[in-house]
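Novice: Below you will find the structure I want to go over with you.
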Amino acid sequence: MSGVIFSEHRGRDGKRIAEIRLDSERTLNALTLEMIELIQPRLDAWREDPQVVAILLDSAGQKAFCAGGDIVRLYQSMQGEGDSDFPERYFTHEYRLDYSLHTYPKPVICWGSGIVMGGGMGLLSGCSHRIVTERSHLAMPEVSIGLYPDVGASWFLNRLPRALGEFIALTGCALNAPDALYLGLADRALSAQLHDELLPRLLAQSWQGESGRGVSRVLRELEQASATLLAELDSPLRRHRELIRQLMDRDSLADKVAAILSQDVADAWFQRAQKNLASGSPLAMAMTLEQLRRGRHWSLKEAFQHELVLSVQTCRQREFPEGIRARLIDKDNRPVWMFGSLAEVDPELLASLFESPWGEHPLRAL
């Protein structure tokens, strides 16, 4: 099983819409290196094919669009099982794919329904037309496994109001469709029941002239048909935005974390965010805010290049594999972090994680 299905659909005027369907329901469509290596050349070929006017990126099943990356194989590699260079190859290819989506010259429509986490956020964020539904659950929960929000998050979280971007990165809080729209992390909110109408309507469009107009026309109509359903959804991050701004208005990471954890809020969404933060890796929290600080004015290309450095260096420490072990392998939810608190994080170790291990960067030619 390759985990991905490719199709081409011919429209009324002979133009084609290419479809990429993630097809690994058992793993919540987690993105493997094999899937990445299959998708990239297809995108490259369709880029040059004048008959292909748009790409549809979706997934099998209703539970998840893509719940992350190939964490298990990364863990095995970091434990000395298999190729020791797997982390570098995986992240290099993943970030190159994400960058390709961000810079693709044709419309790429992503149906981001269900769970969208980690690597799934990288795919969704790169597409020109990002769709969420009432079932969407977006999150960047990397601090809970000893990592940091990557896949371009150094770029797109830095384009949110600083307090919100930092809060999302530190807490891994869940974002539903209204919050994703509010933050600009999605473009359209549609009813999940309209999934099967999307492709036929796209194929019925005339693709003469600007192709993006036909896509927008279809999505606008479907969004109008979904308005009543989506209007009923809460927007928890938006409700708490002023509180979050106040809590994040602190001069140090430790003070920000303490402010969030000490807040007594009778709200299940906020309490889950607090729980995520309380159980997260102090080193990962420090990495996360340092990465956002350094990347405030990076270009998209620079963000991916710097993320590759930090991701590969993180794989050479024991924090990330320990987080995977505790959350996803043994599932005891008792990670033994390298540092017991933020005050104990070694500043020299932290600084070393941002130092490139290469003389020639693998993503120099992005």
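Any read-out appearing in this document is the output of simple, stated calculations on the displayed coordinates, not a laboratory observation. In this text the structure is predicted, and so the values were computed from the model without any measurement. Cβ placement follows ideal geometry from the backbone for every residue including glycine, while neighbour counts extend to all protein chains displayed.
Novice: For the chain, what does the relative contact order come out to in percent, with C-alpha contacts under 8 Å and a separation of six or more?
Specialist: In percent, rounded to a whole number, it is 17.
Novice: Separate question: I need the phi-derived Karplus couplings for the stretch 341-352: 6.51 cos²θ - 1.76 cosθ + 1.60, θ = phi - 60°, integer Hz, Gly and Pro marked x.
Specialist: Going residue by residue, I get 7, 5, 5, 8, 4, 6, x, 5, 5, 4, 4, 5 Hz, with x marking Gly and Pro.
Novice: Which ordering of K63, K256 is given by a fewest-first count of other beta-carbon atoms within 10 Å?
Specialist: Listed from fewest to most nearby Cβ atoms, that is K63, K256.
Novice: Which residues' amide hydrogens lie under 5 Å from the amide hydrogen of A64, considering only partners 5 or more residues apart or on another chain, with H built in the peptide plane?
Specialist: Amide H to amide H, under 5 Å and 5 or more residues apart or across chains, A64 pairs with I115.
Novice: Per 0.36 nm of contour for each residue apart, how much would the distance between D234 and L261 grow if the chain were fully extended, relative to their Cα-Cα spacing? Don't jump to the answer; show the numbers that get you there.
Specialist: Details: separation 27, 0.36 × 27 = 9.72 nm, distance 2.30 nm.
Going from the current span to full extension adds 7.4 nm.
Novice: Same structure, new question: With r as the distance between the Cβ atoms of W358 and E48 and R0 = 25 Å, compute the FRET efficiency 1/(1 + (r/R0)^6) and round to 0.05.
Specialist: Efficiency at R0 = 25 Å is approximately 0.25.
Novice: Further question: Would you mind pulling out the separation of the Cα centroids of the stretch 141-185 and the stretch 20-34, in Å?
Specialist: Centre-to-centre distance over Cα atoms comes out at 22 Å.
Novice: Still on this structure, please answer the following. Gaussian network model of the chain, Cα springs within a sub-10 Å range: biggest mean-square fluctuation belongs to which of T92, T228, T32?
Specialist: Ranking T92, T228, T32 by mean-square fluctuation puts T228 first.
Novice: Any idea which of P149, W358, L194 is furthest toward the positive side of the dipole for the chain, if Lys and Arg beta-carbons carry +1 and Asp and Glu beta-carbons -1?
Specialist: Going by the Cα projections, it comes out as L194.
Novice: Measure out, as a whole number of angstrom, how far apart the alpha-carbon centroids of the stretch 54-87 and the stretch 279-342 sit.
Specialist: When both Cα centres are located, 17 Å separates them.
Novice: Can you list residues whose amide H is under 5 Å from S24's amide H, if they're 5+ apart or on another chain and H is modeled 1.01 Å from N?
Specialist: N29, A60
Novice: Place a +1 charge on the Cβ of each Lys and Arg in the stretch 4-352 and a -1 charge on the Cβ of each Asp and Glu, then give the dipole magnitude about the Cα centre in debye, rounded to the nearest 20.
Specialist: 760 debye
Novice: Considering amide H positions built from the backbone, and no H for Pro or chain starts, which residues 5 or more places from E8, or on another chain, come under 5 Å of its amide H?
Specialist: Correct list: E19.
Novice: Oh, and also: Along the positive direction of the dipole of the chain (beta-carbon charges: Lys, Arg +1; Asp, Glu -1; about the Cα centre), which of L300, L181, S262 reaches farthest?
Specialist: So the residue we want is L181.
Novice: Taking 0.36 nm per intervening residue step and subtracting the Cα-Cα distance, what contour gain separates R250 from R334 on full extension?
Specialist: 27.3 nm
Novice: While we're here: Quick one: length gained pulling H195 to R293 fully straight, 0.36 nm per residue minus the C-alpha distance?
Specialist: Additional length available on full extension: 31.4 nm.
Novice: Let me ask something additional. Could you give me the ³J(HN,Hα) list for the stretch 71-87, computed from phi with Karplus coefficients 6.51, -1.76, 1.60 and θ = phi - 60°, whole Hz, x at Gly and Pro?
Specialist: Coupling constants for the stretch 71-87: 4, 5, 5, 4, 4, 4, 5, 5, 8, x, 9, x, 6, 5, 8, 4, x Hz.
Novice: Taking springs between alpha-carbon atoms closer than 10 angstrom, which of W111, W46, W155 fluctuates most in the Gaussian network model of the chain?
Specialist: W46
Novice: Please report the antiparallel percentage of DSSP beta bridges with both residues in the chain, rounded to the nearest 5.
Specialist: Percentage antiparallel, nearest 5: 30.
Novice: Put +1 on the Cβ of every Lys and Arg and -1 on every Asp and Glu Cβ in the chain; which of M338, L138, G14 then has its Cα farthest towards the positive end of the dipole?
Specialist: Of the options given, the answer is G14.
Novice: Using θ = phi - 60° and the Karplus relation 6.51 cos²θ - 1.76 cosθ + 1.60, list the HN-Hα couplings for the stretch 128-139 in order, rounded to whole Hz, with x at every Gly or Pro.
Specialist: Computed from phi, the couplings for the stretch 128-139 are 6, 10, 9, 9, 10, 10, 5, 9, 5, 9, 8, 6 Hz.
Novice: Counting other beta carbons within 10 Å of each residue's own, what order do K331, K15 fall into, fewest first?
Specialist: Least to most surrounded, the residues fall as K331, K15.
Novice: Highest GNM mean-square fluctuation, the chain, Cα pairs closer than 10 Å: which of Y104, Y148, Y90?
Specialist: Maximum among the listed residues: Y104.
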